[in-house]
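Undergrad: Quick one: structure below, then a few questions.
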């Protein structure tokens, strides 16, 4: 059994990691940290785990954690885990970082977008971007990767549908690609804020950070070689889980519905967690699962395609993808612990 | 007091008409119809009106209704009220029709999109499209209009932000205008269906009728003279009320944030129900009110603008707008009965 | 026009006061305070008021407020307004306090339950408990009352159905009265907390403060003369507005459904804001209105009655009732500004 | 691998059976029926199963199903499966019936409450009531039971907390036990109705079937030997899953908090799916899991105890419990396929 620790275990991605790891046959959870609740049983903060996990939360002590665990999921907020990650890497551990700290290849870009210095810039080039559908080979066992930068939730929901079309050469990059992405509130984390207070959210819908969201440079970095321009509008959606991303894709030449579908299926026909469907994806159908459902629709005249993807932001958009990355890094079955449907309804 | 009747009073737009008319100082509600519940007190079907409205529901009898009322709101489903509307017009009454039956100018287009023959095509040219911000003069007292086709909810949320930009000549009509519009479930009416059953909707989000929604030809008709192409994607949003419409607008020339705002304020600075705001509109802020909140955002490079509007689909998107139209037709203060804020939160 | 100020205008009860006062024909809002947002336009914090209220938020300065306004609604948290209330009373103003500070007659009880000293104990006996259906005469114009302690939301939803039965002498006070009360989240105020964070609330239901809720002594004080024992369980309900209170009432003698209804109608038949109904009240039917809907149900054997009441916690449970109290104190029509239905659905 | 069929696979309990069976290591799903969607792929009706279940829906043909499967879950509405169940029993199959058809021991009581004749009364005495915590021995492998009547959701949430106290002899049966039970909307099934239409439910709360709910005789039958009287009030709660049941329990003698807890732990300390907790159970903590969380609270004076239980109505209240029953009947590990946490948040 691989020994696992989670730094930042009481946030939503931490809790989701535990939920999924409890179903994984090859790991044992040995350590969980929380700065605010150190000393408490984890079930105090996450009562849904009562009877299932008996660990006590500790303050983050990178050295002690390195002694306990072979692989560490770092589910801290950005900037909080940089030093610890370096320590773990130096101690020979494998780290899957769920924050934004190692996703951008340029420390300067990081510092511009996150208003904070980067304390481990030498690791940026060593980190692999953990989107298995695009970087499976780099991530897989045998390549020796020890730091995986787990992608952001919006980039996951955007890049999976977008990439095959960019690769196909059919996108008219002279026109903007519009990305309209609606996210459930767990995407905003567990710390209560005015804009995530129940009555402020419930029965509402609002766009935020138009043109300034920190996931924009992450998307742009991944598609940089295609010279495409994107416009990205995220929304706070009054549900717990899920990101529904609609992409309006300008095409060089009119393409039929079948030609569009072929571009997706050529890329994804053997992917375990991509489901190509014919009707518009519904967030309900992926809640709790690691699937990314994708559909494409031709428009009249054919000059644009509409792409829609649905993911659970806490699973394929965070903790499920992190486990998928762990499975690859360890040379295990990629589906281990992630198999099966989500919760419906 | 003007005598008012409502045909189809137990649907959501009918109920909302009653709610608003009870606050209106110049009208008296004298008749309400329902095919399914005729003979019952209206409070049986709409208990929120207990103590406020004592009327009994009747089957639709156009002649009797014409005898009772001076102005009739027709809140029936499309195709159900055509004959009655003709009867009322012939009897000299004023009719505000909330269905789609008199919005399209061409009976042929109607028949194509609604799969039904049009039984009163001669009225199509007489009907005025009841979007006061665009057609105030045609609607107003003195012009003698007696049939108002109250706009659809999506067209209202789309045309109000879009129109000033098309008029300005700044839109690059060689590129598509993308309309991404999220609607609360009351927009689907009161009849229970599988896709509006609570567990099917709650905690989900899904696009529907991509490229085939019946509000598309209505939008296209209104902007026909500008030669613009639109792509329209509607969604079912798990809230009761509201349509948040985001428009991605290609521009001929880069425009600054201030230039974009000026286009809106030039058009709307004196409008009683349009609020131009600087932050992204939230559906919460218009719930229950007749306001349309609009904001515009420049994008990097300036080749596109992002427009967002928020309305309550049952108020500005239906019954509130119908009362605004009544106020204009009668020569009353346009705000009468519609003043004041909505419900927050 | 009566000049009105609101201390604590950006919380939910403050916002609701403004919403309702904007429809009131006899008042003018002249001052609004907020400690956190002083200096900002109120519409910054409450954008739903855009175009309707142009006031700027000020820090609480009791003297200045007393100079501006004739009547002050104090919508601060408990303990925050005591000194100011004394100042306003001394300055000859009328104060309607929406906090808990003047509801309990005993400073000692207050200090026990609220863990804070009472700084204006001499006002406790002067304050009238503002539940008009029970204390209309004391509140009304001519009695000279200048300090009204506006009731808590749970006590309002409990006392209105309960009082007529206690008065009737039919309640078996040897057995406990069970009160099971479910409240929407606005009842917890506007300050974000872990237990009101959207994902913590949504799709959940949980009881809290069992046997220890601060509204319990308030209920007990009001029914003290009847020697009845109550058990009170409140819940956080994942909706914005409303309290549904179910009371299980032990009876001395079996009573029929008609006898039970008669007890209610004897007490309330002329009340403008009490609606006695036959089917179980639904929170939906009172949202946004000042109504309290009440139904009573006999049980098999007749030894117990089930009473259910529905109110909007922000209207009849707070700000609407405060305006009802203002209307009485001023000798105005009790319904002024409160007439009409709420929002449905 | 045990061959399994599900009659009525597209309803919510059918879908939940499939979700759970896909994680079960000892079964193979071979047949699924639906009267309305026969001939369609099951993923047409349940798209969350895309890629996971390739079965085609068939019309219910009891003989064919008996040929295909060894164990049949009957998830049809009450009265719809009686004949088929008899056929399967006669063919030597094991049947777990999730409807109400075999829960009541008296055909006459059934006919009174369900307004329908019972077509297989001879099976009523053979059926075992599938509440493992109370009837484990009767259900278990070796006893030869072949028909299990899976309990109703409300009875499960009520009996589990209630039973140990009745057994303890501490309940004062001269006074009524009050049961106040709030259920998510999936409890009402998948067929759309007016009272489950999204806008009719959302932002509301309403009691229904006061004193007349069909789960009342089921509860009464199970506690008949204790001579206790219950009052049962169910509510429609605007969430998808979960029943929170609060019981107000009259006690013969005052009991301390510790004594109350001891009664529960004596009964349940070794139960795999009962979690005894100290704080009020939250529906969020059991969503998607087979747990029943229970807490008990003493009241002042000690004459009454407050019991609260939380279950997921589709899991422990229906399909999870059905699988727990299957595990027992087959002599497997009772936790098989049901292990692990639910979805949070």
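Undergrad: Check B:232, B:165, B:198 and return the single one that is touching a strand residue (DSSP E or B) at 6+ places or on another chain (Cβ under 6 Å) and within 14 Å of another protein chain (Cβ to nearest Cβ). Outline the logic, then answer.
TA: Details: B:165 fails: within 14 Å of another protein chain (Cβ to nearest Cβ); B:198 fails: touching a strand residue (DSSP E or B) at 6+ places or on another chain (Cβ under 6 Å).
Among B:232, B:165, B:198, only B:232 is touching a strand residue (DSSP E or B) at 6+ places or on another chain (Cβ under 6 Å) and within 14 Å of another protein chain (Cβ to nearest Cβ).
Undergrad: Okay, moving on. Which numbered condition in (1) more than 10 Å from every other protein chain (Cβ to nearest Cβ); (2) surrounded by 24 or more Cβ atoms within 10 Å (Cβ to Cβ) is the only one that residue C:310 fails?
TA: Here residue C:310 clears every test but (1).
Undergrad: Continuing with this model, one more query. State yes or no: is residue A:320 within 14 Å of the chain's Cα centre (by Cα) and outside the structural domain of residue A:188 (by TED's automatic domain parsing)?
TA: yes
Undergrad: Give just the number: which of (1) in a loop (DSSP other than H, G, I, E, B); (2) at pLDDT 95 or above; (3) more than 14 Å from chain A (Cβ to nearest Cβ); (4) over 17 Å from the mean Cα position of the chain (by Cα) does residue B:272 not satisfy?
TA: (4)
Undergrad: A further question follows. Would you point out which residue out of B:279, B:265 is within 11 Å of chain A (Cβ to nearest Cβ) and either outside any helix (DSSP H, G or I) or surrounded by fewer than 21 Cβ atoms within 10 Å (Cβ to Cβ) (or both)? Give the steps one after another, and end with the answer.
TA: Details: B:265 fails: within 11 Å of chain A (Cβ to nearest Cβ).
So the residue among B:279, B:265 that is within 11 Å of chain A (Cβ to nearest Cβ) and either outside any helix (DSSP H, G or I) or surrounded by fewer than 21 Cβ atoms within 10 Å (Cβ to Cβ) (or both) is B:279.
Undergrad: For the range D:102-135, which positions are part of a loop (DSSP other than H, G, I, E, B) and within 21 Å of residue D:223 (Cβ to Cβ)? Working first, answer last.
TA: First pass over the range D:102-135, keeping only residues part of a loop (DSSP other than H, G, I, E, B): D:102-106, D:115-120, D:124-127, D:130-131.
Correct list: D:102, D:103, D:104, D:105, D:106, D:124, D:125, D:127, D:130, D:131.
Undergrad: Here is a follow-up. So, residue C:328, is that one touching a residue at least 60 places away in the same chain (Cβ under 8 Å) and not in a strand (DSSP E or B) or not?
TA: On the way: touching a residue at least 60 places away in the same chain (Cβ under 8 Å): yes; not in a strand (DSSP E or B): yes.
So residue C:328 passes the test.
Undergrad: Further question on the same structure: Test residue D:108 against the stated conditions and say whether it is out of contact with any strand residue (DSSP E or B) (no Cβ under 7 Å at 6 or more places or on another chain), at pLDDT below 95 and either surrounded by fewer than 24 Cβ atoms within 10 Å (Cβ to Cβ) or more than 29 Å from residue D:231 (Cβ to Cβ) (or both). First the steps, then the outcome.
TA: Values: out of contact with any strand residue (DSSP E or B) (no Cβ under 7 Å at 6 or more places or on another chain): yes; at pLDDT below 95: no; either surrounded by fewer than 24 Cβ atoms within 10 Å (Cβ to Cβ) or more than 29 Å from residue D:231 (Cβ to Cβ) (or both): yes.
Criteria not met by residue D:108.
Undergrad: Also, I was wondering about something else. When you check residue C:294 against the structure, is it in contact with a helix residue (DSSP H, G or I) (Cβ under 8 Å, 6 or more places away or on another chain) and at the interface with chain D (Cβ under 9 Å from one of its Cβ atoms), yes or no? Don't jump to the end; show me each part of the working.
TA: On the way: in contact with a helix residue (DSSP H, G or I) (Cβ under 8 Å, 6 or more places away or on another chain): yes; at the interface with chain D (Cβ under 9 Å from one of its Cβ atoms): no.
So residue C:294 does not fit the description; no.
Undergrad: Further, regarding this structure: Can you tell me how many residues in the range B:314-345 are at pLDDT below 95 and touching a helix residue (DSSP H, G or I) at 6+ places or on another chain (Cβ under 8 Å)? Don't jump to the end; show me each part of the working.
TA: Filtering the range B:314-345 for residues at pLDDT below 95 gives B:339-340.
Among the residues that remain, those that are also touching a helix residue (DSSP H, G or I) at 6+ places or on another chain (Cβ under 8 Å) are: B:340.
Of the residues in that region, 1 qualify.
Undergrad: Filter the range A:291-311 for residues that are in contact with a strand residue (DSSP E or B) (Cβ under 8 Å, 6 or more places away or on another chain), farther than 19 Å from residue A:174 by Cβ and outside any strand (DSSP E or B) and give the result.
TA: Selection gives A:291 alone.
Undergrad: If I ask for residues that are within 24 Å of residue A:10 (Cα to Cα) and more than 9 Å from chain B (Cβ to nearest Cβ), which ones from the range A:201-228 would you list? Steps first, please.
TA: Initial filter on the range A:201-228 (within 24 Å of residue A:10 (Cα to Cα)): A:201-202, A:214-215.
Passing the criteria: A:214, A:215.
Undergrad: Would you mind stating whether residue B:288 is modelled with pLDDT under 95 and either assigned to a helix (DSSP H, G or I) or more than 10 Å from chain A (Cβ to nearest Cβ) (or both)?
TA: Numbers: modelled with pLDDT under 95: no; either assigned to a helix (DSSP H, G or I) or more than 10 Å from chain A (Cβ to nearest Cβ) (or both): yes.
For residue B:288, the condition - modelled with pLDDT under 95 and either assigned to a helix (DSSP H, G or I) or more than 10 Å from chain A (Cβ to nearest Cβ) (or both) - is not met.
Undergrad: Give me the helices (runs of 4 or more DSSP H) completely within the range D:1-78, filtered to those with at least 1 residues that are surrounded by 15 or more Cβ atoms within 10 Å (Cβ to Cβ), modelled with pLDDT of 95 or more and within 14 Å of chain A (Cβ to nearest Cβ), ordered by residue number.
TA: Numbers: elements: D:12-21, D:42-45, D:62-68.
In the range D:1-78, the matching helices (runs of 4 or more DSSP H) lie at D:12-21, D:42-45.
The values are calculated or read from the model by the stated rules, or taken from the named source; none is laboratory data. Worth saying up front: this structure is predicted, and the values here are computed from it rather than measured. Cβ: placed from backbone, ideal geometry, glycine included. Neighbour counts: every protein chain shown.
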